[in-house]
Amino acid sequence: MRRVVTLAGLVAGLLVTSSGSGQRISPSGSPVPASVAAQNAPERMRVLWIAAHPDDEDTQLIAWLARGRRVETAYLSLTRGDGGQNLIGNELGEALGVIRTEELLAARRIDGAHQYFARAYDFGFSKTADETRKHWPQDSLLNDVVTVMRAFKPHIVITTFSGTPRDGHGHHQVSAIIARQAYDMAADTVRFPVKTYGAVWIPQKFYRLARFSPQDRTIAINVGEYDPNLGLSYQEIAADSRSQHKSQGQGTLRRKGVVWDYLTREDSRVPAPPAKEEKSIFAGFDTTRILVQDGRVTPPGLPATLALEAVADRQALAVGDTAKITMTLYNRGHVPVHIESGAIHFPPTLLPDSSYQWAQSLVGTEITQPWWLAQPRNGDLFTPRINGVSEDERERQNWAHVTVVPEGGSAIDVAAPIVYHYVDQVRGDVQRPMIVAPGISITLDQAMTMARANGPFDHLLEVTLRSAFRDTATVRVNVSLPRGLAADSATRTVLTAPGATRVVIFKVKGSLLWGTHQISATAMAKGQSFQTGYIPIEYPHINPQRIYRPPTLAINTADVVLPARLNVAYVPGVGDNVAPVLQQLGVPLTIIDANDIPQTDLSRFSAIVVGPRAYQASQTLQDNNGYLLAYVRNGGRLVVQYGQGEMQRPGIMPYPITLKQPAERVTDETAPVTFTDPQSPLLNAPNKITQDDFNGWVQERASYMPSTFDAHYHTMLAMNDPGETPNRAAILAAAYGRGTYIYVPLALFRQLPAGVSGGARIFANLLGGNTIK
């Protein structure tokens, strides 16, 4: 039997075991035919968990299964979490989906499971399954789930959610509905032909997580069980796994002692006891054939501790160029091994405590990027088909591989990622995955911005060049401008060293008519033209990634009038891309860190804006909020974009509000808007707000809207999703002392970065105009 050994992390060795030659012998002493041996050979129990988003999975049970019972476990997420918020950076949409994909992979490296994805794009919060189905063709996602089921071949399927409205999110409901459909239709070869979806596989049991409804549980599992080999309980491992979801603020405490988790059995095809009498989720299975093993007991076998390093001579390899890869195989065990890979001449035996090094060449043929983004989306589905390969296995397919045979054992595939390896004086050992990239990557600092129609346009256009060439290159950068704009130079020429990054700045000025315009750039080097580039996505807890985009800047011009004598301070929030748009609209703006509020002369600002969820992300801002409220009492204007439950805490807002659980929101971006106070200054000066200003909105109307609020607050808008009661808290404005306090659940933080004209006009009104009385 061939066994695959992979290396978790960048470069690390794994302890592997082998049971001998791999030939099976009958009780009579005669060899068992290979076909019969394969049919009767023991296999590991397999469990597939299915839910909607990264962080929907129960890492406690996953760790208990994968680490505690050596069950081959996998999580299938319908989405990559693209529609959420981001607590650690400004990436949203597809870029956030890349982060959350890597966070799931980081979590799986800790809890020991595999990771799968379906093709659904997370379009944002949805209240019902019906609304979700309008975005996701249910048949397409059912196809994806069946494909994964037939590839992974789970004996047991578990869902996080119930498939009913109590799940509280349309995505959650649909994930459970599709999971059960796939389970029920597993044997249907008419709907799911073998040629397309793979050989039939019928899961035998179906469970639902009962943590949210423990009264419905049919079985309880102690996930706090301690593993002396790991020095941790499975809950502690799970806490570390869940804490990888840093972009979503999912840091989790390690807990010692007994910790119970609950499941509800919803179906069984094996002769298990009645659900309420079941003592184990493996009840009904022949565990002499479908193996479940105590993870706390070291299995018998022949140890072969091997490690492979694959070190590239550079970090970025240009398409068409060749890199040298230095391979080193280390035998750190006690058993000699034989190297069998490739046509390279290897020594016949690699002895214990020895190593062997050789060089290989690698030609860059295809750029390195998230595979699901290699083609444009088809609505709210990613385009590339699901082929049943897990995300972690896709990573390993691009690693370096060596086949070895331990003495007296079976063939083992040892793998390691190809990395650029160097030492940093502060961080120490640094290993970065080698990438294949265009010879010159060219990007602009923004992809979308706004400008005032017929107003002055003054922009510093930053063009970033990243070289993957192995030698110095002369690069000529050309910019193409729409009518009405001119640059200080249409062309710049720079030298780029091997692997270097250079930034070229063009000063662009002029004026644009109402509409949508585009600035584009091109790089020329070594006789080639380059018109694409990558944006690095790098955080300490995940593997670095990059997303590609064309070097273009779309400019949406809007009929926006700014209040007179503006001087605005901006305290950034979470996933916040509003400030750059305000600046491009001509708003004089100063970025203020929450730490600097006490020593800043706030009185010089005509308005202060606090970004979305800033209070949730910053305890310092909460601690310094008294300075902001004092600024308002003394005549200032404070505009606070939406927050969550923290906004109910005393001292955050001048007058109290309450939020339901879950909080009210309007997720339909086309939902009708009623002007409940058409004469409100916020709807009339300096821009006259009309129904036209609510056209073309993206993703949602409002988030985390208060359900009740103090009588001091004035409202002017009402909105609701279909079939719901109107909510009047999209904008709350109150006089406070001699100043004005404005709270804004209205989703302007999404509209401005998307270039929505009405969002910009409303935001301009919030910054100035008449004082609320």
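The values are calculated or read from the model by the stated rules, or taken from the named source; none is laboratory data. It should be emphasised that the depicted structure is a prediction, and the values quoted were computed from it without experimental measurement. Note that we place each Cβ from the backbone using ideal geometry, even for glycine, and neighbour counts take in every protein chain shown. Areas reflect the complete protein model, heavy atoms only, side chains present, ligands, DNA and RNA absent. Shrake-Rupley method; radii C 1.70, N 1.55, O 1.52, S 1.80 Å.
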**OP:** For segment 209-255, just say rounded, prolate or oblate: build the C-alpha gyration tensor, square-root its eigenvalues into a ≥ b ≥ c, call rounded for a/c under 1.5, and beyond that prolate if a/b exceeds b/c, oblate if not.
**Re:** oblate
**OP:** Return the aspartates and glutamates within reach of residue 195: Cα separation strictly under 19 angstrom, same-chain partners fewer than 8 residues apart disregarded; answer none if there are no such residues.
**Re:** 139, 144
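In the chain, which whole DSSP H runs stretch at least 15 Å along their own axis (Cα) and average -0.5 or higher on the Kyte-Doolittle scale? Before the final figure, lay out the partial values.
Working: long enough: 94-111 (25 Å, 0.08); 138-152 (21 Å, 0.45); 170-184 (21 Å, -0.35); 757-767 (16 Å, 0.81).
Sorted by number, the helices that extend far enough and score high enough are 94-111, 138-152, 170-184, 757-767.
Let me know the charge dipole size of the chain about its Cα centre in debye, to the nearest 20, where only the beta-carbon of Lys, Arg (+1) and Asp, Glu (-1) is charged. Don't skip to the answer; put the middle values down first.
Working: 73 positive and 70 negative charges, 75 e Å.
Magnitude of the dipole: close to 360 debye.
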Original post:
Long-range amide H contacts for residue 443: which residues qualify at under 5 Å (H placed 1.01 Å from N, peptide plane, sequence gap of 5 or more or a different chain)?
Top reply: 464
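Over segment 86-152, what portion of Cα pair distances is larger than 19 Å, expressed as a whole percent?
Above the 19 Å cut-off, segment 86-152 has 51 percent of its Cα pairs.
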**OP:** Give the share of C-alpha pairs in each 5 angstrom bin for segment 634-773, from 0 to the last occupied bin, in whole percents, shortest bins first.
**Re:** 2, 11, 21, 25, 21, 14, 5, 1, 0
Subject >> Inter-part distance where segment 683-740 and segment 469-544 are each reduced to a Cα centre, Å >> reply: 40 Å
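Which percent of the accessible area of segment 614-747 is formed by carbon and sulfur heavy atoms (probe 1.4 angstrom)? Working shown, then result.
Details: 2610 of 5350 Å².
Result for segment 614-747: 49 percent of the exposed heavy-atom area is carbon or sulfur.
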**OP:** Please work out the average accessible area per residue across the chain, using the 1.4 Å probe convention, and give it in Å².
**Re:** 42 Å²
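Equivalent-ellipsoid semi-axes (√(5λ), Cα gyration tensor) for segment 439-560, whole Å, largest first?
Details: eigenvalues 157, 65, 22 Å².
Its equivalent ellipsoid spans semi-axes of 28, 18, 10 Å.
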Original post:
Which lysines have a Cα less than 24 Å from the Cα of residue 526, not counting those fewer than 8 places away in the same chain?
Top reply: 324
Subject >> Rel. contact order, % - alpha carbon contacts under 8 angstrom, at least six apart, segment 589-711 >> reply: 26 percent
Subject >> Highest to lowest packing among 600-612, 714-726, scored as the average C-beta count within 10 Å >> reply: 600-612, 714-726
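Stick to Cα atoms and the Kirkwood definition of Rh, then tell me Rg/Rh for the chain.
On the way: Rg = 29.3 Å, Rh = 29.3 Å.
Radius of gyration relative to Kirkwood radius: 1.00.
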Original post:
Which value, to two decimals, describes the C-alpha radius of gyration of segment 121-209 once divided by 2.2 N^0.38 Å?
Top reply: 1.10
Original post:
Where q = 0.18, 0.19 Å⁻¹, what log10 of I(q)/I(0) comes from the Debye formula for segment 556-643, counting one point per Cα?
Top reply: -0.77, -0.86
Subject >> Spherically averaged projected area in nm², based on the convex hull that wraps the Cα atoms of segment 320-422 >> reply: 9.4 nm²
Original post:
When only C-alpha pairs under 8 Å and at least 6 residues apart count, what is the relative contact order of the chain, in percent?
Top reply: 11 percent
**OP:** For segment 49-108, with all protein chains present and a 1.4 Å probe, just round the carbon and sulfur fraction of the accessible area to a whole percent.
**Re:** 37 percent
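Given Cα pairs under 8 Å that are at least 6 residues apart, what percent is the relative contact order of segment 142-232? List each step's numbers first, then the result.
Details: 89 pairs, mean separation 32.6, N = 91.
Worked out over segment 142-232, it gives 36 percent.
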Subject >> Cα convex hull volume per residue for segment 478-526 (Å³) >> reply: 88 Å³
Subject >> Selection from 448, 419, 405 lying farthest towards where the dipole of segment 347-506 points positive, charges on Cβ >> reply: 448
Subject >> Environment charge at residue 206 (Cβ cut-off 11 Å; Lys +1, Arg +1, Asp -1, Glu -1) >> reply: +2
